[in-house]
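The values are calculated or read from the model by the stated rules, or taken from the named source; none is laboratory data. Just so it is clear, the model here is predicted, and its values are computed rather than measured. In this analysis, Cβ positions are derived from the backbone assuming ideal geometry, glycine residues included, and neighbour counts consider all displayed protein chains. We work out accessible area using only protein heavy atoms, side chains counted, and drop any ligands, DNA or RNA first. Shrake-Rupley method; radii C 1.70, N 1.55, O 1.52, S 1.80 Å.
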Amino acid sequence: MTALVLVDLQNDFMPGGSLAVSGGDEVIAVANALIPRYGLVVATQDWHPSEHVSFAANHPGRSPGDMVEVHGLPQELWPPHCVQGTPGAGFHADLEVDRVDEVVRKGVDPDIDSYSTFFDNARLRATGLEQLLREHGIDEVHLMGLATDFCVRFSVLDAVDLGFDTVVVEDGCRGVELEGGDSARALDEMREAGARIVGSGELL
Ligand code: VGL
Ligand code: ZN
């Protein structure tokens, strides 16, 4: 059985949000069109406490875009975003949340970031998504959402690594593009890892 995983379709990643992804709102229509095709739909949320380690504001003298080291891992610093319970952490108003079966939250630990929807960046803790998919007998996962070059990228690489047949819906993704070409490079990396990259038209 196949599940659809909608990655971080949250207000702070939409135009006007605190970590806006260009064209992020354009993928909501793709999500709503795909949702009825799947027996299991999971939506993920970046869900940070206000003291989160990825917020530049929590590192005196640092700015968004700077890199620091956390637990020996490189960590990008971001503007505060997706703070638990705030409107920015909520799903885009047009997303058909009534049709979403499960919500998985990540990045909840103040001391570690979690780009992947499966594990935190140090792989210390699982989010529960893998177990959820296994419980539902899922062997194939279709992913789309925000952002191509961060949370989609690491979620897809983990899905492949965990042995799921993994499909990325390219027109359902948009990237942060800290550097031009990051999204294209991320898609190449996902493809080389074994994910299939498709357009939503192939699935509808
Ligand atoms: C994300 C940067 C920081 C994402 C989350 O959802 O891709 N990017 N937190
Ligand atoms: Zn985040």
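Tell me which GluC sites (Glu not before Pro) from the stretch 44-144 have a DSSP coil assignment and no more than 13 other beta carbons within 10 Å of their own.
Those satisfying the criteria are GLU51.
Roughly how many debye, to the nearest 20, is the charge dipole of the stretch 45-168 about its Cα centre, given +1 on each Lys and Arg Cβ, -1 on each Asp and Glu Cβ, and no other charges?
Computed about the Cα centre, the dipole is about 300 debye.
Could you work out how much longer the chain between ALA33 and MET67 gets when fully extended? Use 0.36 nm per residue separation minus the Cα distance between them, nm to one decimal.
Taking 0.36 nm per residue and subtracting the Cα distance, the gain is 8.5 nm.
Pull out the extension gain between ASP171 and GLU26, defined as 0.36 nm times the separation in residues minus the alpha carbon to alpha carbon distance; nm, one decimal.
51.3 nm
Nearest-5 percent of antiparallel DSSP beta bridges in the chain?
Here the share of antiparallel DSSP bridges comes out near 20 percent.
Using a probe of 1.4 angstrom, how much of the accessible area of the stretch 3-93 is carbon and sulfur, in percent?
Answer for the stretch 3-93: carbon and sulfur cover 52 percent of the accessible area.
Suppose R0 equals 25 Å; then what is the FRET efficiency for GLU102 and ILE197 from their Cβ-Cβ distance, rounded to the nearest 0.05?
0.50
In square angstrom, what is the accessible area per residue of the stretch 29-154 with a 1.4 angstrom probe?
Computed with neighbouring chains in place, this is 45 Å² per residue.
Which whole-number percent gives the relative contact order of the chain, counting Cα pairs below 8 Å spaced six or more residues apart?
Once normalised by length, the contact order is 24 percent.
Hey, can you grab everything whose amide H is under 5 Å from the amide H of GLY145? Only 5+ residues off in sequence or another chain; H modelled, so Pro and N-termini drop out.
Excluding prolines and chain starts, which carry no amide H, the hits are VAL7, CYS173, ARG174.
Counting only protein heavy atoms and a 1.4 Å probe, tell me what percentage of the stretch 105-204's accessible area is made up of carbon and sulfur.
Percent of accessible area from carbon and sulfur atoms in the stretch 105-204: 44.
What is the stretch 93-154's relative contact order, in percent, from Cα pairs under 8 angstrom and six or more apart in sequence?
Value for the stretch 93-154: 26 percent.
Using each residue's phi in the stretch 12-27, evaluate 6.51 cos²θ - 1.76 cosθ + 1.60 at θ = phi - 60° and report the 3J(HN,Hα) Karplus result to the nearest Hz, with x for Gly and Pro.
For the stretch 12-27, the Karplus curve yields 5, 9, 8, x, x, x, 6, 10, 5, 9, 4, x, x, 6, 5, 8 Hz.
Based solely on C-alpha atoms, express the radius of gyration and the Dmax of the chain in angstrom.
That works out to 15.7, 49 Å for Rg and Dmax.
Rounded to whole Å, give me the distance from the Cα center of the stretch 94-129 to that of the stretch 12-58.
Computed from Cα coordinates, the inter-centre distance equals 11 Å.
222 nm [θ] for the chain, helices only, -39500 (n - 2.57) per DSSP H run of 4+, per residue, to 500?
Calculated mean residue ellipticity at 222 nm is -5000 deg cm²/dmol.
Over the stretch 160-204, give the accessible area per residue in Å² for a 1.4 Å probe, as an integer.
Here the per-residue accessible area is 51 Å².
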